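First the structure, in the form of structure tokens, and then the observations on it.
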Amino acid sequence: MNAKPMISLVIPVYNEERNLAMLMERILPTMSAMKRPYEVVLVDDGSRDSSLDILRGFAELPEVRVVELTRNYGQHAAILAGFSIVRGEIVVTLDADLQNPPEEIPRLIETMEEGGFDVVGTIRKGRKDSFLRIIPSKIINIVARKITGVQMTDWGCMLRAYRRQVVERMISCHEHATFIPALATHFGKRLTEIVVAHEERHGGKSNYPLRKLINLQFDLVASFSDLPIKLIMYGGIAMATLGVCFGIVLAVARLVYGALWAAQGVFTLFAVLFAFVGFQFFALGVIGEYIGRIYREVRKRPEYVIEHVHGDKAGGGDAQLKEKES
């Protein structure tokens, strides 16, 4: 009888000191109940509270490894850092705030193995987030479906399961800004979603304010599509055409109604001019963002640097500094 494949659970942690004890109290019984080998990889993403000290205590457990990053790189970079050291054949990602119940993990594994799926996503049922979180999330879902062409419902939920080959393909990509759920669709052939429960945040405050959600939205668009540049190009053509037509109308009206009428239309002309100037600044900003990303890629700085791997008794990671180059 073949042994069941190992499961790796990757959890990014940033200032979650109030949630970590409860997190482990729920994770360890859930994983042990599946009666199969597993590991828990906790990635400290430059926490400023006592999260790292708490995680070091967890690293004494044989099933737990703690990845200590040199600073805060962001949720998706932290997950990729965890991916770089996983040993399991199935890799599950989970947030540390307990809004996604760890008790749902067995259902993801069961769905993946029974259906032979490469990626299993989740749909949060009865979301407990605020209005200011739900609306941007819905926009991200719409944009992600449009850009990737994959009709998944909830792209923002990080409770997801991946086959090891999908994870290896993702960490082989040399990108500074990426969106892991969308990136996985490029490397997984069979994808599905299941409905999972959603809970109130156990403690602390969200590490994804509106500003970060907007940045995440642009990361998604800029990393997987040149749609903004195309929209600007087509919008520029349309506005230039309207400008020419408007100029013709003004010239004809001046001939028909005289110079006095033309003088009275000065403010309208200025309004149109300001609209064009505003559009140009917006276009330059978007194009500049793409150029900035190219600049960051050309510098080839690592997307993350692993300072220490606590509890990595088999891999020897305690003595080595690891980094992902791009």
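Quick look at the numbers
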| item | result |
| --- | --- |
| Prolate/oblate/rounded call for segment 1-152, Cα gyration tensor, a/c under 1.5 rounded | oblate |
| Relative exposure of ARG164, ARG71, judged by other C-beta atoms within 10 Å (fewest first) | ARG71, ARG164 |
| Computed P(r) (all Cα pairs; segment 1-61; 5 Å bins; percent) | 4, 16, 27, 23, 13, 9, 5, 2, 1, 0 |
| Distance from segment 1-30 to segment 70-138 (C-alpha centre basis), Å | 11 Å |
| Proxy reagent accessibility, fewest Cβ within 10 Å first, across ILE7, ILE291, ILE134 | ILE291, ILE134, ILE7 |
| Amide H partners (placed H, <5 Å) of ILE306, local residues excluded | LYS322, GLU323, LYS324 |
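Readers should treat all values here as calculations from the given coordinates under stated rules, not as data from a laboratory. From a predicted model like this one, the values you see are computed outputs, not experimental measurements. Glycine also receives a Cβ, built like all others from the backbone with ideal geometry; neighbour counts cover every protein chain displayed.
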